[in-house]
Ligand SMILES: Cc1cc2nc3c(=O)[nH]c(=O)nc-3n(C[C@H](O)[C@H](O)[C@H](O)COP(=O)(O)OP(=O)(O)OC[C@H]3O[C@@H](n4cnc5c(N)ncnc54)[C@H](O)[C@@H]3O)c2cc1C
């Protein structure tokens with residue numbers, strides 16, 4: 001086990017809670033799913049659904065939701081410890097689309113009918129949601145989306161294209177940003193719609209990633225008819241809901257537990273192969289950065305639990321979390337030397353999965369909002385604070 005800075009800060013109850021989570025993961029998670037996650041592979045659809053259902057049965061399906069909506073009532077430290085242990089225990093990463101993204105939007109802004117219909121299904125992984133935000137020409141500048149939704153009677157007719165839609169091939173529902181008017185300011189013309197993926201007029205085209213995996217898609221929408229009751233909140237307020245959602249998405253990408261596990265893997269490889277002092281110094285540096293990130297995340301979670309908004313905190317966590325993830329996969333490759341060039345089935349033993357994870361991880365400083373955009377958000381918040 002690598003350095004564990006959090007342990008010294010915990011009281012006996014928190015340590016007992018942590019041990020309970022660890023034991024649950026150990027006893028419940030199938031070895032094959034653990035191995036897949038450990039090697040940095042995308043969890044399969046079945047692995048994700050089984051794991052979410054196991055969490056639901058234990059009452060842990062959505063740790064941060066209000067208790068009355070099916071949440072746990074845990075304090076910030078317990079939420080953190082749970083997430084940390086899931087990463088350390090190589091639990092499949094449950095896509096954030098349901099529990100972290102659209103779920104909180106629905107219990108905060110959705111209609112009673114939407115809450116009753118969708119929230120229980122999110123908790124039990126009966127629905128797989130995908131995120132239809134980005135379009136060609138509208139990524140960082142999300143307000144530039146062009147997909148149109150025209151109201152005719154009690155339906156919206158949707159036409160346009162989404163891109164980079166993660167795991168849309170597994171999804172039966174999409175939450176999408178659409179333009180309901182071109183007359184208002186760009187942001188005010190945007191609404192959020194819930195779209196069933198089996199509606200006629202939806203076509204998916206896969207995008208194969210540099211790691212060889214099919215995780216991304218293009219989604220084409222042609223005359224897709226959506227009931228008006230699937231509008232989230234008010235027409236023209238989609239931008240506000242999207243910002244709320246994106247803050248949750250960003251803070252979910254931090255990944256301290258997974259990074260700690262990677263650090264341990266790195267040290268095991270070095271134990272087998274030896275390391276030069278420069279590499280050791282780089283590893284010490286990333287370890288310190290990870291500890292700083294961990295403490296920062298705890299600080300933000302505590303502030304959030306006091307009712308304070310996370311603000312640019314989500315950007316800080318996303319930015320540093322993904323930089324550290326990339327640094328760790330770089331160091332793993334350094335530690336492996338020429339073996340790091342082996343890809344797919346040619347990579348065996350300690351090299352297994354590392355080339356693919358390194359390549360896929362190039363995307364982590366882009367998805368959820370690129371690093372440049374996060375830096376701008378942080379700078380703007382700092383300037384506003386100083387003003
Ligand atoms: C693996 C992966 C999964 C994704 N999953 C989803 C998903 O499920 N659903 C979804 O809706 N989207 C998804 N995305 C899309 C993602 O949100 C966008 O790729 C991201 O917001 C960047 O947008 P873009 O690709 O259009 O690049 P652009 O916005 O065109 O940016 C190109 C470059 O210019 C820089 N740049 C742009 N504007 C500025 C600025 N104002 N200041 C400084 N630099 C700037 C960017 O940082 C970047 O380096 C995913 C992307 C990836 C890579």
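Considering (1) in a helix (DSSP H, G or I); (2) over 17 Å from the mean Cα position of the chain (by Cα), the lone condition that residue 99 does not fulfil carries the number (2). Scanning the stretch 154-164 for residues that are crowded, with 23+ Cβ neighbours inside 10 Å and within 11 Å of the ligand (Cβ to nearest atom) gives a single hit, 162. Out of everything in the stretch 354-387 that is more than 15 Å from the ligand (Cβ to nearest atom) and surrounded by fewer than 18 Cβ atoms within 10 Å (Cβ to Cβ), what residue ends up being nearest to the chain's Cα centre (by Cα)? Selected residue: 381.
Within the option set 176, 184, 168, being assigned to a loop (DSSP other than H, G, I, E, B), out of contact with any helix residue (DSSP H, G or I) (no Cβ under 8 Å at 6 or more places or on another chain) and closer than 28 Å to residue 93 by Cβ holds for one residue only, 168.
Just one of the listed residues (70, 110) is crowded, with 21+ Cβ neighbours inside 10 Å, more than 18 Å from the chain's Cα centre (by Cα) and either on the phi < 0 side of the Ramachandran plot or away from the ligand (no atom under 16 Å from the Cβ) (or both), namely 110. Restrict the check to the stretch 134-146 and report whether at least one residue is in a loop (DSSP other than H, G, I, E, B), crowded, with 22+ Cβ neighbours inside 10 Å and within 16 Å of the ligand (Cβ to nearest atom). So far as the stretch 134-146 goes, yes, one or more of its residues are in a loop (DSSP other than H, G, I, E, B), crowded, with 22+ Cβ neighbours inside 10 Å and within 16 Å of the ligand (Cβ to nearest atom). Only residues that are under 16 Å from residue 133 (Cα atoms) and out of contact with any strand residue (DSSP E or B) (no Cβ under 9 Å at 6 or more places or on another chain) were counted in the stretch 181-236, giving 2. Quick check on my filter: what residues within the stretch 190-206 are surrounded by fewer than 20 Cβ atoms within 10 Å (Cβ to Cβ) and either in contact with a helix residue (DSSP H, G or I) (Cβ under 9 Å, 6 or more places away or on another chain) or at positive phi (or both)? Matches in the stretch 190-206: 196, 201.
Throughout, read-outs are computed from the coordinates displayed, never taken from laboratory work. The structure displayed is predicted, hence computed values, not measured ones. With ideal geometry, Cβ positions are generated from the backbone for all residues, glycine too; neighbour counts draw on all protein chains shown.
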